[in-house]
Ligand code: SF4
């Protein structure tokens, strides 16, 4: 697929009162993003965890905090030998809260971990294997019903711990897709998830890799403030009228060269 062409779309006009997020891009074009990132950066080998349960714990602890803080909390849990569902289920919530303190909002996060474990024990007799044998959509609905589990956490659990074919949408996805006019309007998790999931074969390896590539791009180039488009693997895919494109410097004419001291 040709990916070096400039994408010609009109930059959406944003109003103060943003409309719900809409999708402006064809599925074929979205694959160009995957290919450009994969060529430049992949493979990513995500998620950074040793076991499916550790993925679940990380997915809950990473809410509203940097990953470095989650790592410290997980190190505490590992030292206390609590990184199994049965061990964590047996420990008092107050002790759990003290151990996950580095991840911030530690009392709420301890309650969220316990809520997940209660669900796991109540529905699946404590077995992650049994839980992940549930059909994807059915399990997704059940996870979303657990206290403290929203769409991004549920999809991280499904994809990275259970190898289910879902795409995880995060703030980097919204930012990059918005800046490239792939979407416009107020971020809408389900609209973006559907866009990506229907653009690719339903293969967890593809969704895993694409999400990891987007996170890497967001961290290294597409920051919340001024994006660093020069050198970004997606710069050639910016729309022709994007405000992030720097005007090309015209080569000096022969006369200008002659007059230059
Ligand atoms: S840094 Fe620029 S080129 Fe890269 S993803 Fe962000 S807006 Fe696009």
Practice problem: Return yes or no: is residue 184 modelled with pLDDT under 95 and more than 10 Å from the ligand (Cβ to nearest atom)? | Solution: yes
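Considering 117, 82, which residue is surrounded by 18 or more Cβ atoms within 10 Å (Cβ to Cβ) and in a loop (DSSP other than H, G, I, E, B)? Quick ask: steps written out before the conclusion?
Values: 117 fails: in a loop (DSSP other than H, G, I, E, B).
Sole residue among the options that is surrounded by 18 or more Cβ atoms within 10 Å (Cβ to Cβ) and in a loop (DSSP other than H, G, I, E, B): 82.
Within the stretch 229-245, restricting attention to residues that are assigned to a helix (DSSP H, G or I) and more than 6 Å from the ligand (Cβ to nearest atom), which residue is surrounded by the fewest Cβ atoms within 10 Å (Cβ to Cβ)? Write out each step before concluding.
Going residue by residue through the stretch 229-245, those that are assigned to a helix (DSSP H, G or I) are 235-237.
Adding the requirement that they be more than 6 Å from the ligand (Cβ to nearest atom) leaves 236-237.
Details: 236: 14, 237: 22.
Among those residues, the one meeting the criterion is 236.
I'm trying to understand the selection: among the residues of the stretch 34-47, which are part of a loop (DSSP other than H, G, I, E, B) and either over 16 Å from the mean Cα position of the chain (by Cα) or surrounded by fewer than 14 Cβ atoms within 10 Å (Cβ to Cβ) (or both)?
Correct list: 43, 45.
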Quiz item: How many residues does the stretch 214-224 hold that are near the ligand (Cβ under 8 Å from one of its atoms), within 11 Å of residue 41 (Cβ to Cβ) and either touching a residue at least 24 places away in the same chain (Cβ under 8 Å) or buried (at least 20 other Cβ atoms within 10 Å of the Cβ) (or both)?
Solution: 1
Quiz item: What helices (runs of 4 or more DSSP H) lie completely within the stretch 134-228 and have 2 or more residues being under 17 Å from residue 48 (Cα atoms)?
Solution: 151-156, 204-220
Quiz prompt | Long-range neighbours under 8 Å by Cβ, at least six apart or interchain, first residue on the phi > 0 side of the Ramachandran plot within the stretch 225-243, second near the ligand (Cβ under 7 Å from one of its atoms) | solution = 231/221
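Looking at residue 140, is it in contact with a helix residue (DSSP H, G or I) (Cβ under 8 Å, 6 or more places away or on another chain), outside the structural domain of residue 188 (by TED's automatic domain parsing) and free of Cβ contacts under 8 Å to residues at least 24 places away in the same chain? Explain how you work it out, then say what you get.
Details: in contact with a helix residue (DSSP H, G or I) (Cβ under 8 Å, 6 or more places away or on another chain): yes; outside the structural domain of residue 188 (by TED's automatic domain parsing): yes; free of Cβ contacts under 8 Å to residues at least 24 places away in the same chain: no.
No, not satisfied.
Conditions tested, residue by residue: (1) buried (at least 19 other Cβ atoms within 10 Å of the Cβ); (2) over 15 Å from the mean Cα position of the chain (by Cα).
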{"site": "129", "(1), (2)": "no, yes"}
{"site": "132", "(1), (2)": "no, yes"}
{"site": "138", "(1), (2)": "no, yes"}
{"site": "151", "(1), (2)": "no, no"}
{"site": "157", "(1), (2)": "yes, no"}
{"site": "166", "(1), (2)": "yes, no"}
{"site": "199", "(1), (2)": "yes, yes"}
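The values are calculated or read from the model by the stated rules, or taken from the named source; none is laboratory data. What you see is a predicted model; the values in this text were computed from it and never measured. Counting neighbours? That spans all protein chains shown, and the Cβs are built from the backbone with ideal geometry, glycine included.
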